[in-house]
Structures are given as structure tokens and as C-alpha cells.
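*Asks:* Below you'll find the structure I mean.
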Amino acid sequence: MGWTAIAVVALLALLAIGAALAVLVARERRTRRRFQVLADVAVVSDAGGALEETFEAICAILVPDFADFCMIDVIDDDRVPRRAAVRVAPGADGVVEDGLAERKPSVPDRMLDEAQRSSLKPRFYERMSDRDLRDLSHDSEDLDFLRRLGVRSAITMALKARGRVTGALTIGVAWSGRRYSRDDQRFAWILSGRIALALDNSGLFADLEKAERARSEIAETLQRGLLPPPLPHIPGWSIAAMYRPAGAENEVGGDFYDVFRVTGGWMLVVGDMTGRGARAASLTAVARYTLRTAALLSDDPLTALATLNRALLARGDATLCTLVAVTIGEDPMEPVRLAVAGHPPPLFIERGSVRELGGTDPVLGAFPDAKWSIHRSSIETGQQVVIVSDGIAETRGPEGRFGEARLRTELEGVGNPAQALQRLEASLHDFTAGPLEDDVTVLAIARASGEVAASAAGGSQHVAPAISGIEHGNA
């Protein structure tokens, strides 16, 4: 063999080796791209985003690298498919994406019938023919659209997760000039499993969001139903109340106040239940309506406390409540009667002095044999009693705790219940410079002076306490 022949053979061998290497490199790149596609879909699956976001993200992964167009159809609980996402690669006619979005979902009937063994078998068109287009079309107008699309190859895969077909993925190539092979079909089958998982995760996330919204709506309805009622008109007395729940979004927390009629007068209550949120709101309902029921039987604060104590102990869940119950008679000249259960004692304000009124007895819900005492006190004109929850003294700001000393200083010299609450409201606002960490409740009562009575005759001011307001109930 001459040198020329040897050179030709060597050249052919080199070309063959080069071609083989090119094929290997191309396969390696394709394999790498496919692994990247699967990795990207896994990231979408782990993200657990909303369904619409997941659909768009998956289509963006597949187009244009693996498909000229991509469609995801979802099968709802009534087994009716709907088109959920469409994406089209550059180079298509401007009406292609809208046309694909408006088409009836490309889900074979067998995929809707999970009893069929062939339901998961892909629908693969390696070389799309006009006969295939006629089989796929819904009518003559749809057939014209499919012909204009120029589909060369297409694959429709069922999306099945946890034993249930939840949708279908359709990918196709057209204007790019590519065609799908059997190898592409096998990859699409693997891909469909990953996408089904992503859709399943998104569906679970959507279900959790739906459940959370339902829970929030129930809690909000419960809380709104437990907002304190407007303060009643009580002849001879001036009353003001303020309620500020902790946090920016709460309507009702563990604090509560109530004013209701009893035999021969009125009962005023300020309480603080353990817990926050919906649970605290439900416990507040137990406390308020138990107290109101007890008031129908007796005007005695001790009876009210004992009844609520038994109700809380019967729950068996370590629910505690601190409470101040004050009873005032129809005659303003009669002494008020008050009982305190684990709550900060009421503050008695007279001119420039502020002092505690009575002591405190055991908290409610802790001891079955607990005893409470009645403290009697006359309230003259110019004097008032202010009941505050511990949320005020415990409130934290840039300077630390609000504290008892600051509370008493703010109340020194206040002339009436409305002024007392307005001063505390302003002081808390300036001190916290942000949302409260605990609920704050204040109820103030005083003998009505002639000036206050005349003002009340012109109309009382009512501000919803859930909006951090102050409510007045003057004579």
C-alpha cells in the first residue's frame, strides 16, 4: 500500500474519530442540559410557590431549550381539564401563544379515566402528519390553526402524583426545525414525574394557604363578635374605656372589659385571660358570658368570681384569668363594691394623689377552694377609680418598661375618666414608638359632675375600642 493510500486511510480514520468525538460531546452536552432541566424543576418543586407561579416557572425551563411551545393542563376534582399555562419560544407567529391558550386542553380521554391501564402512556408524534392534525383538531377552524402552527413533533405526558392523575404536559417543536426522538420521549417521561411532584407540592401549598385563609376568617369572625359592646348610659356616673390589642393585626386578645346590668345596679369587669389570638378570644367569650350569667343570679362580685373560677377549673387545661369586678348601685351615693382576683388593684385618684384601692386575692382557674374578699369604697365628686391591665406597666419601649411609677405619674391630676384615658393613650403612643407586645385595657369610673352630665346630655362619643380608641359612657 502506497503512502497516498495510507494517508487517505489515516485521514478517514481521523474523520471517523472526530465524528465519534463530536457525537459523544453532543450527547454529553445534551445529557448535561437534561440534568440541568431536572435540577431546575426540582428547585421549583422545593420552592412550594403558588400554582400559577409554578406553572410559569416550569414552562420557562422547557422553552426554548427543549421545546418550541409548552402547555400545562390541570385536571380538577370534577375530572374536567383546564389549560393553566402556555409558553412559546421566539420565532412564532404573534397569535400562536393566544391560540394555544384558548384551545381546548390537550388531554386524551384515557388520561381522565384512571381505571384504564394505558392512562399513563404518552401520546408521542415523532413525525406529525396531516392525519394526526385532523385527529387532534376539534373543528375545521382548529385544524387550520394547527396546520399554520407547523408542528413537527409533539409529546403529551400525564402528570401523576400519589397515585392520581392531576394534569398533563404537552411539549412540541415546530419553527425551530427540530424533531423529537424516542430518546426525547423517554426523557419527557422522566421529566413528567418531576413536574408532577412540583405540581403536587404546589397544590399542597395552595391547600395550606386555603386552610390558613379559612382559619384566619374564622378567627376574625370570632374576634369581631367578641368586641366589647358600647358602654351603657348609667345615671350619675361617668365611665370611659380603652382597649388596645397587641400587634398590628389583632382585633381581640386576652384582655377584655364589660359593663352590664345586675339587680339594683351595674357590674363593671376588667379581665385578662391567658393566651393570645383565637384561643384567647374563645376564652374571653367563656369569661364574659359566664360572668353575665352569674350576674342574672346575683349582684355580688364574689358570686361572679366563684362561678367563673368553677368554669375555668372544669376545662382542665390550666386556663387562668385575672379579674377586677366592680358593682355600683343605682344611687351614686352608695359605696362601690369591688373584688380583685390576681389582677393589679384598681387605682384611686384624688386631686394629685394616686393610690391602690384594696388588695388582691387568688387568680381565677388555679384553686378550687380559693376565697375572695369584697372591698367597699365611696367615690365622691372629683374622685375616680381607674382599672388597668398589667399590659400598661409591662409595655416596653426604647427606655425599658413603662412601669408602675410612670403609670401613676401620668394619672396624677386628671380631672375625669375621659382625660385619664386620653393621657394614657398619648403616653403609651409616645413611649412605645411601635406595636404593643401585650394587650392594654383601661376602665375608669367617676361620679358625674354637673358639667359632665350636661355634656353627656348633648350626646356621648363612641369610638370602636378595637381601633385603639377611647369610649365614653357619661351620665
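A short reminder: the numbers here are calculations on the coordinates, not readings from a lab. Treat the numbers as computed from the prediction; the structure is a model and nothing was measured. Here the Cβ is made from the backbone with ideal geometry for all residues, glycine too, and neighbour counts use every protein chain on show.
*Asks:* How far apart, in nm, are two points set 7 Å out from the Cα along the Cα-to-Cβ line at Ala433 and at Glu126?
*Replies:* Result for the modelled spin labels: 7.4 nm.
*Asks:* If I take R0 = 51 Å and measure r between the Cβ atoms of Tyr289 and Ala60 in this structure, what FRET efficiency does the formula 1/(1 + (r/R0)^6) give, to the nearest 0.05? Could you put the intermediate results ahead of the total?
*Replies:* On the way: r = 56 Å, r/R0 = 1.09.
Step by step, r from the Cβ atoms, then E = 0.35.
*Asks:* Roughly what would the spin-label model give for Glu380 and Leu313, points 7 Å off Cα along C-beta, in nm?
*Replies:* Inter-label distance under the simple model: 4.2 nm.
*Asks:* Go ahead and run the numbers for FRET between Ala426 and Glu356, Cβ-Cβ distance against an R0 of 25 Å, rounding to 0.05. Present the calculation step by step, with values, prior to reporting the outcome.
*Replies:* Working: r = 24 Å, r/R0 = 0.95.
Working from the Cβ atoms, E equals 0.60.
*Asks:* So if R0 is 60 Å, what FRET efficiency would Thr263 and Asp76 give, r being the distance between their Cβ atoms, rounded to the nearest 0.05? Working shown, then result.
*Replies:* Working: r = 60 Å, r/R0 = 1.01.
My answer for the efficiency is 0.50.
*Asks:* Want the number for Ser176 to Asp135: 0.36 nm per residue separation, take away the alpha-carbon distance, what's left? Could you put the intermediate results ahead of the total?
*Replies:* Details: separation 41, 0.36 × 41 = 14.76 nm, distance 2.36 nm.
Extra length available between Ser176 and Asp135 comes to 12.4 nm.
*Asks:* Still on this structure, please answer the following. Using a simple spin-label model with points 7 Å from Cα along the Cα→Cβ vector, what separation in nm is obtained for Ser373 and His233?
*Replies:* So the two model labels end up 3.9 nm from each other.
*Asks:* Something else: When a footprinting reagent is the concern and you count Cβ atoms within 10 Å, what order do Tyr243, Tyr289, Tyr180 take, fewest first?
*Replies:* Numbers: Tyr243 26, Tyr289 13, Tyr180 23.
Placing the least packed residue first, the sequence is Tyr289, Tyr180, Tyr243.
*Asks:* If you don't mind, another one. Sorting Thr4, Thr166 on the 10 Å Cβ count, fewest up front, what's the list? Don't skip to the end; give the middle numbers.
*Replies:* Working: Thr4 8, Thr166 17.
Listing Thr4, Thr166 from fewest to most nearby Cβ atoms yields Thr4, Thr166.
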